[in-house]
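Written out below as structure tokens is the structure these notes cover.
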Amino acid sequence: MDLVKVTCTDGIAWMEIHRPKAMNALTQAVLTELEVEIASLAADLADLRVVVLTGAGEKAFVAGADIREMATMTPAEAAAFSALGHRVLGALEALPVPVIAAVNGFALGGGCELALACDLVYAAENARFGQPEVKLGLIPGFGGTQRLARRIGPMRALDLVVTGRMVGAAEARSLGLCLDVFPADELKSRVQTIAEGIAAMGPVAVRAAKATQARGLDGPLATGNALERDAFALLFATSDAREGMAAFTEKRDPVFQGR
Ligand code: CAA
């Protein structure tokens with residue numbers, strides 16, 4: 001155990017994949033531990049505001065699925081491995097609070113896919129993204145043929161998937177793979193500040209925003225707009241919305257209770 005380290009302060013949970021000697025590559029054990037930690041966050045949501053995912057060390061966020069472990073897998077074992085990866089990334093994506101990836105180095109293969117399962121991605125200047133599976137005679141197995149196209153568009157996504165090329169942080173930003181790029185030694189503090197900013201907003205509203213966007217994107221625009229109308233109206237039943245609007249008119253900072 002201890003392949004994933006979690007610390008939670010003031011509603012901001014930092015999850016660190018901790019296998020620095022292997023560039024934080026995802027073994028079945030890492031994925032299983034990640035699944036347990038995500039489930040434990042999901043079971044105790046009352047005070048949770050933001051989750052941040054990062055990798056241990058200065059070189060890698062996650063350099064992919066563990067190639068040594070995959071090298072001897074049968075097709076049936078590979079199917080189970082892929083299913084495990086999909087389940088874990090799906091659970092991460094389904095957390096009701098915003099999940100931020102702080103990409104502190106290589107985010108390749110399963111590592112890039114992990115970042116794609118996060119709502120917001122910030123990168124260090126030394127970050128490198130890519131889906132190099134074709135170099136191994138494989139394709140992405142944790143959602144890279146699906147989430148990448150949805151995030152950056154099918155043509156840009158297929159370019160990365162069929163060439164296997166790595167892109168640096170600046171190109172990643174221009175592609176829409178990350179929102180912003182920070183000096184490596186500032187990444188954690190800059191992401192912490194962003195997380196604190198989100199944590200200071202109306203917590204029910206932040207969750208409603210994430211859920212409404214995600215549900216809406218699954219269907220036609222008219223359905224999404226109807227979901228938004230209902231969620232918007234429901235927020236008027238929360239004391240946070242009353243407090244937020246009262247604080248504005250009274251020219252003071254709101255004090256949100258999360259209800
Ligand atoms: N799996 C297993 N071990 C890995 C790994 C991976 N994905 N990536 C790095 N490592 C290990 C290396 O084997 C090495 O271990 P040893 O010291 O025991 O030899 C250690 O991490 C350091 O790596 P390098 O010496 O290679 O470091 P580098 O700076 O020269 O290169 C790198 C860094 C460019 C990330 C290079 O390690 C690399 O190309 N890694 C593989 C990246 C990759 O192909 N990822 C996709 C995996 S497939 C996948 O993810 C499928 C999927 O979608 C589910």
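Points worth noting:
- If only the Cβ of Lys and Arg carry +1 and only the Cβ of Asp and Glu carry -1, the dipole of region 19-172 around its Cα centre is close to 440 debye.
- Carbon and sulfur %, accessible surface of region 4-199 computed with the full protein complex present, 1.4 Å: 57 percent
- Rel. contact order, % - alpha carbon contacts under 8 angstrom, at least six apart, region 48-144: 34 percent
- Angle in degrees between helix 187-199 and the longest Cα principal axis of the chain, rounded to the nearest 10: 30 degrees
- Listed residues Glu69, Glu133, Glu77, Glu125 arranged by accessible area, highest first, probe 1.4 Å: Glu125, Glu77, Glu69, Glu133
- Cα gyration tensor of region 1-110 - equivalent ellipsoid semi-axes, whole Å, descending: 24, 17, 11
- Most to least accessible of Phe236, Phe129 (protein chains only, probe 1.4 Å): Phe236, Phe129
- Relative contact order (percent, whole number), region 17-101, Cα cutoff 8 Å, 6+ residue spacing: 46 percent
- Solvent-accessible surface of the chain, averaged per residue with a 1.4 angstrom probe and all protein chains in place: 51 square angstrom.
- Counting only protein heavy atoms and a probe of 1.4 Å, the accessible surface of region 203-249 is 67% carbon and sulfur.
- Angle in degrees between helix 203-217 and the longest Cα principal axis of the chain, rounded to the nearest 10: 50 degrees
- Long-range HN-HN contacts of Val4 with modeled amide H, under 5 Å: His18
- Among the listed pairs Lys188/Lys210; Lys21/Lys188; Lys21/Lys210; Lys5/Lys59, those beyond 27 Å (Cα-Cα): Lys21/Lys210
- The chain: relative contact order in percent, alpha carbon pairs under 8 Å with at least 6 residues between: 15 percent
- From largest to smallest, the equivalent ellipsoid semi-axes obtained for the chain from the alpha-carbon gyration tensor read 33, 20, 18 Å.
The values are calculated or read from the model by the stated rules, or taken from the named source; none is laboratory data. These numbers come from a predicted model, not from an experiment. Here the Cβ is made from the backbone with ideal geometry for all residues, glycine too, and neighbour counts use every protein chain on show. To get the accessible areas, we keep the full protein, side chains included, count just its heavy atoms, and leave off ligands, DNA and RNA. Shrake-Rupley method; radii C 1.70, N 1.55, O 1.52, S 1.80 Å.
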